[in-house]
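Engineer: Here it is: the structure, laid out below.
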Amino acid sequence: MKNITLYSLPIGYMLIYIILILMSGIWLFLLSQGLECNDSVISTLKNIIASPVEKSVEGLIEVATPHLFAIGTLIFVTAHFMLFSTRFSQKTSLIVAMALFIFALFDIFSYFVIAFGLVVSGWIKLAALSCFVLLFFLLLGLVGFSL
């Protein structure tokens, strides 16, 4: 990475901050799906697959709008740190960033598929959330390795 001393401290703090944001986002999602009523995370995940909590389209739009902005900004800032990397090509950075944006949209809009009755199970939301978080951790790993 060019001028490593200038970038390593803010990038390190950013990595910790983003990991905490992702963990709290997963926790809040599980709480909204009934984690406090159930005994364990596993039983909550089983309930999400069997019958996710119903939301209206208006409620989904109310939740999706700020998530589009916040997640898009987070990906934008994190992906731009990859531009300073000398260990990874810009093509690799671009592919990971674009895939992350696609999975973020898939994650945000997966509840619309459930709300409109196209899928009756919550597996699509869990799959979308898992893919997004794993890909984001991959991007964070690339940024961390670039330090």
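The values are calculated or read from the model by the stated rules, or taken from the named source; none is laboratory data. Worth saying up front: this structure is predicted, and the values here are computed from it rather than measured. Methodologically, a virtual Cβ is constructed for each residue, glycine included, from the backbone with ideal geometry; neighbour enumeration extends over all protein chains shown. All accessible areas refer to the heavy atoms of the entire protein, side chains included, with ligands and DNA or RNA removed. Shrake-Rupley method; radii C 1.70, N 1.55, O 1.52, S 1.80 Å.
Engineer: Return the residue satisfying two criteria in turn: it lies in segment 90-100 and is modelled with pLDDT of 85 or more and loosely packed, with under 13 Cβ neighbours inside 10 Å, and of such residues it is farthest from Ala127 (Cα to Cα).
Structural biologist: So the residue we want is Lys91.
Engineer: Just to check your reading of the model, which residue among Ser40, Ser32, Ser51 is in contact (Cβ under 8 Å) with a residue 60 or more places away in the chain and of a type in the set (Gly, Ala, Ser)?
Structural biologist: On the way: Ser40 fails: in contact (Cβ under 8 Å) with a residue 60 or more places away in the chain; Ser32 fails: in contact (Cβ under 8 Å) with a residue 60 or more places away in the chain.
Result of the check over Ser40, Ser32, Ser51: Ser51.
Engineer: I've got another one for you. Pairs needed: first member in segment 134-147, in contact (Cβ under 8 Å) with a residue 40 or more places away in the chain; second member anywhere, in a helix (DSSP H, G or I) and open to solvent by 10 Å² or more (accessible area, probe 1.4 Å); C-beta distance under 6 Å; at least 6 residues apart or different chains.
Structural biologist: Leu139/Val96; Leu140/Leu15; Val143/Phe81; Gly144/Leu15; Leu147/Ser8
Engineer: Further question on the same structure: Can you pull out every residue in segment 131-143 that is over 19 Å from Ile49 (Cβ atoms) and surrounded by 16 or more Cβ atoms within 10 Å (Cβ to Cβ)? Reasoning before the result, please.
Structural biologist: So the first thing to find is which residues in segment 131-143 are over 19 Å from Ile49 (Cβ atoms), and the list is 135-143.
Within segment 131-143, Leu135, Phe136, Leu139, Leu140, Leu142, Val143 meet the criteria.
Engineer: Considering segment 101-130 alone, what residues qualify as being under 11 Å from the mean Cα position of the chain (by Cα) and buried (at least 18 other Cβ atoms within 10 Å of the Cβ)?
Structural biologist: Answer for segment 101-130, where residues must be under 11 Å from the mean Cα position of the chain (by Cα) and buried (at least 18 other Cβ atoms within 10 Å of the Cβ): Phe103, Ala104, Asp107, Ile108, Ala128, Leu129.
Engineer: Follow-up. Mind listing just one residue for me: the one in segment 62-89 that is surrounded by 11 or more Cβ atoms within 10 Å (Cβ to Cβ) and polar (S, T, N, Q) and, of those, farthest from Leu15 (Cα to Cα)?
Structural biologist: Thr65
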